[in-house]
Amino acid sequence: MADPTARVLVVDDNKVNRLLLSRNVQMQGHRAELAENGRAALEMLRHEPFDLLLLDIEMPEMDGFAVLEQLKADPQLRDLPVIVTSSLEGLDNIVRCIGLGAEDYLHKPVNPVLLKARIGASLEKKRLRDQQKELVRRFATSEVAQDLQQSGFALGGKRVHASVMFSDIRGFTALVESQPPEETIELLNTYYTLMFDAISGHGGVVNQMIGDGLMALFGAPLPLDDCAGSAVAAALEMIELIEQFNLERSAAQKPAIRIGIGIATGDVVAGYTGTQQRATYTCIGDTVNLAARLEAHTKVAGRGILIDEDTQRALGGVRTEPLGAVPFKGKAAAVEIFAVATGQPA
Amino acid sequence: MDESVIDKAVYAELQDAAGAEFVAELVGTFLEEAPGMLAELRRARAENHAERFRRAAHSLKSNGNTFGASKLAALARELELKGLDADPARDTSALVALEAEYARAAAALKDLRHG
């Protein structure tokens, strides 16, 4: 059961109105904070969490219409339910409030019974919306969730410059066969926790997990200044985290694990693919295929991290070793590849 | 006391909803704030500032309605809707009427608060 006590911000330039509204809110078991005008209210909303806003329209400094506009433009605040309480004259003003995203309009003096019903309904709606957002967050990355919230859902992609990373655990099949399934699940959970941490710490987004393998994007859905540098920095941190994890494993008499990472940089088409009912955010294009081939090639080359030429060119200060041109399946010409120096034993 | 100044039903409803003690305090707040709003109306009239004139009238209307001071609210609403009149003398006489009504409402509210 959710906490029935909500934090409500009451904004009104008139002291009598302010005190009376906050009294009503408190008598309904909620907590009320007060602001004297729109500017002060926005300041508070941007620094403290609130569940509901009771907003007057006619105010000096910044009026209620301007507050509604600013809330609508702010990704953090756009979902905050707002009940407008005003004694504005004219239906067009009320229509304007609703058009600007206000949940409801109550004419002043506010009837306390009506206010209670409206507050209850708004909080319930917010609870459902929060629940929905939480679900989206769990099954998509926060970047994708934000992208979905801002631009809505549409199948189809756009061309972006990005670095694509593939990573997997070497010899995973043998490892799975040598231990009970519970242990494998536990290993995968730890592994994914570490990898997610390294990747998102460098601005990347994990967009697919298949068994022990993962695919990550740097530069989509949100643009990244130095996508190649970020991807390689994340890869180095992933290897380092795995080394630390191996110390724990060897202390517990368990075999060390090794990972292989392939990174390619270039133009990709990123967007939602699937059907209207079920879709996933992904990237397609040559760059994606190449990154997958590079990752597979780490076993052949005996290196932890392999990158393509476009990634290598964008790097500064990272030690790389040219391994020459390699003919990859599906590629007409052989591709120059580079190994990034790591501490991981080959 | 003049029964027509404050609508007793509205005042009683307010007491029911917010508590008599709280309403007594709220009346106190109104009596502190209202003279400032009346002065603001005069100032806005003198400086020919339509926006401030309308806002002060709006505020008085809103509070008048809260306490059941129906006539005060009606006079304030007229000023809010009309805005600054092109004829300052007419506004000033409307302001005088509003101030007189406020004096009556304030006296009645003081009685009710102690009653």
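The Cβ shell under 12 Å around A:Arg96 holds other residues with a net charge of -3, Lys and Arg each +1, Asp and Glu each -1.
Evaluate the Debye formula for region A:7-139 with equal point scatterers sitting on the alpha carbons, no solvent, and hand back log10 of I(q)/I(0) at q = 0.10, 0.12, 0.17 Å⁻¹, in q order, two decimals. Listed by q, the Debye log ratios stand at -0.29, -0.42, -0.85.
If you take every residue apart from B:Ala94 with its C-beta less than 12 Å away from the C-beta of B:Ala94, what net charge results, scoring Lys and Arg +1 and Asp and Glu -1?
Values: positive: B:Arg42, B:Arg45, B:Arg77, B:Lys82, B:Arg90; negative: B:Glu78, B:Glu80, B:Asp85, B:Asp87, B:Asp91, B:Glu99, B:Glu101.
Around B:Ala94, the charge tally is -2.
The residues packed around A:Ser167, meaning those with a beta-carbon under 14 Å from its beta-carbon, carry a net charge of -1 if Lys and Arg are +1 and Asp and Glu are -1. Legend: mean number of C-beta atoms from other chains within 10 angstrom of residue C-beta atoms, peptide A:10-18, equals 5.
At a threshold of 8 angstrom on Cα-Cα distance, excluding pairs fewer than six apart, so keeping six or more, what relative contact order does region A:152-237 reach in percent?
Computed over region A:152-237, the figure is 38 percent.
For A:Gly213, no residue whose modelled amide H falls within less than 5 Å of its own remains once neighbours fewer than 5 places apart on the same chain are excluded.
Under the rule of at least 5 residues apart or a separate chain, name every residue whose amide H is placed under 5 Å from the amide H of A:Ile259. Amide H to amide H, under 5 Å and 5 or more residues apart or across chains, A:Ile259 pairs with A:Arg170.
Taking the helices alone, chain A has a mean residue ellipticity at 222 nm of -14500 deg cm²/dmol, built from -39,500 (n - 2.57) per DSSP H run of at least 4 residues and averaged over all its residues.
Annotation: the residues A:Ile210, A:Ile98, A:Ile169, B:Ile6, sorted from fewest to most other C-beta atoms within 10 Å of their own C-beta, follow the order A:Ile210, A:Ile98, A:Ile169, B:Ile6. Please give the helix A:142-151 orientation as an angle from the longest Cα principal axis of chain A, in degrees from 0 to 90, rounded to the nearest 10. Once rounded, the angle reads 50 degrees. Karplus-based coupling profile of region A:123-134, in residue order and whole Hz: 5, 5, 4, 5, 4, 5, 5, 4, 4, 5, 4, 5, with θ = phi - 60° in 6.51 cos²θ - 1.76 cosθ + 1.60 and x standing for Gly or Pro.
Quick one: of the DSSP bridges fully inside the protein assembly as shown, what percent are antiparallel, nearest 5?
Values: 40 of 60 bridges.
Percent antiparallel among DSSP bridges in the protein assembly as shown is about 65.
Taking the dipole about the Cα centre of region A:7-139, with the C-beta of Lys and Arg at +1 and of Asp and Glu at -1, give me whichever of A:Leu21, A:Leu68, A:Leu128 is farthest to the positive side. Checked the options; the winner is A:Leu128. Dipole check for region B:8-114: with +1 at the C-beta of Lys and Arg, -1 at the C-beta of Asp and Glu, and the Cα centre as origin, the magnitude is about 240 Debye. Remark: region B:64-69, residue by residue, has Karplus-estimated 3J(HN,Hα) of x, 4, 4, 8, x, 7 Hz, where x stands for each Gly or Pro and the curve is 6.51 cos²θ - 1.76 cosθ + 1.60 at θ = phi - 60°. Roughly how far apart, in whole Å, are the Cα centres of region A:1-44 and region A:157-214? First find each Cα centre; the distance between them is then 46 Å.
Please return the longest stretch of chain A lacking exposed loop sites, where GluC sites (Glu not before Pro) count only if DSSP places them in a loop and at most 16 other Cβ atoms lie within 10 Å. Provide the component values of the computation, followed by the final result.
Working: sites that count: A:Glu61, A:Glu89.
Maximal segment without exposed cleavage sites: A:90-346.
As I understand it, the value is the acute angle between the Cα axis of helix B:8-18 and the longest principal axis of the Cα atoms of chain B; what does it come to in degrees, rounded to 10? Between helix and principal axis, roughly 70 degrees.
Converting phi to 3J(HN,Hα) with the Karplus coefficients 6.51, -1.76 and 1.60 and the offset θ = phi - 60°, region B:80-85 yields 4, 5, 6, x, 5, 7 Hz in sequence order, with x at every glycine or proline. With respect to chain A, whose longest principal axis is taken over its alpha-carbon atoms, helix A:286-301 is tilted by about 40°. First check a/c for region A:153-340, with a ≥ b ≥ c the square roots of the eigenvalues of its C-alpha gyration tensor; if it is under 1.5, answer rounded, and if not, answer prolate when a/b is larger than b/c or oblate otherwise. Oblate, since a/c reaches 1.5 and b/c is not below a/b. In this structure the amide hydrogen of A:Val335, modeled in the peptide plane, comes within under 5 Å of the amide hydrogens of A:Val326, A:Phe328, none closer than 5 places in sequence on its chain.
Just so you know, all these numbers are worked out from the coordinates, no wet-lab data involved. Remember, it's a predicted structure, so these values are computed and weren't measured experimentally. All Cβ positions, even for glycine, are placed from backbone atoms using ideal geometry, and neighbour counts span all protein chains on display.
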